[in-house]
Amino acid sequence: MTQLEAISIIISGIVALLTFIGLLLRPLFKKLKLSLSTWESFMRDWNGEEQAPGRDPAAGVMQRLNKIDGEFKRNGGSTMKDDVAGMKESISDIKEGLGRIEESLVNLNKTDVSIETRLTALENPGHKRAAPKATSK
């Protein structure tokens, strides 16, 4: 065997060995590539993205969380907390108004009973009828 043949056999063996190792490690490289791609996507989402042609900028996670957190602090009218406080005041006003209406209805019922009693007395002057009882809730 000549020296050239020996070198050719060694090179062939090295190529075969590297091919075999490559075939064995191929699934590992695919998983590594997928993991790196997923990590890159996560980091892009976490940090946000700058504006690019045809695409608006995307805020990062911390910017989005700060915006959500800001909704729970009062600032004079434009946050969710301000809206809830306004609704609470409106509900309180409505309850107060309903209380006044209920009181007016009770007074109206008392007046109605009084008028009915007087009418009965006028219709039947000699006959005393028991006055109707006021109803209330």
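Below is a table of values for the structure above.
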item	result
Rg to Rh, two decimals, where the chain supplies the alpha carbon set and Rh follows Kirkwood	1.72
For segment 33-97, the fraction of alpha-carbon pairs in successive 5 Å shells from zero, as %	4, 15, 12, 13, 13, 11, 9, 7, 6, 5, 3, 1, 1, 0
Sequence-separation-based contact order of the chain, relative, with Cα cut under 8 Å and 6+ spacing, percent	9
Highest-fluctuation residue, Glu102, Glu123, Glu49 considered, GNM on the chain with Cα pairs under 10 Å	Glu123
About the Cα centre, charge dipole magnitude for segment 1-107 (Lys/Arg +1, Asp/Glu -1 at Cβ), debye	600
The chain, helix-only ellipticity at 222 nm - DSSP H runs n ≥ 4, -39,500 (n - 2.57), divided by all residues, nearest 500	-26500 deg cm²/dmol
Set of aspartates and glutamates near Lys81 by C-alpha distance (under 17 Å), chain-local residues within fewer than 8 positions excluded	Asp69, Glu71, Glu89
Global geometry of segment 6-49, whether rounded, prolate or oblate, following the gyration tensor of its Cα atoms and the 1.5 cut on a/c	prolate
Selection from Gly99, Ala6, Trp39, by position along the positive dipole direction of the chain (Cβ)	Gly99
Straight-distance crosslink candidates among aspartates and glutamates, where the alpha carbon sits under 16 Å from Lys88 and sequence neighbours closer than 8 are dropped	Glu96
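A short reminder: the numbers here are calculations on the coordinates, not readings from a lab. Remember, predicted model here, so these are calculated numbers, not experimental data. With ideal geometry, Cβ positions are generated from the backbone for all residues, glycine too; neighbour counts draw on all protein chains shown.
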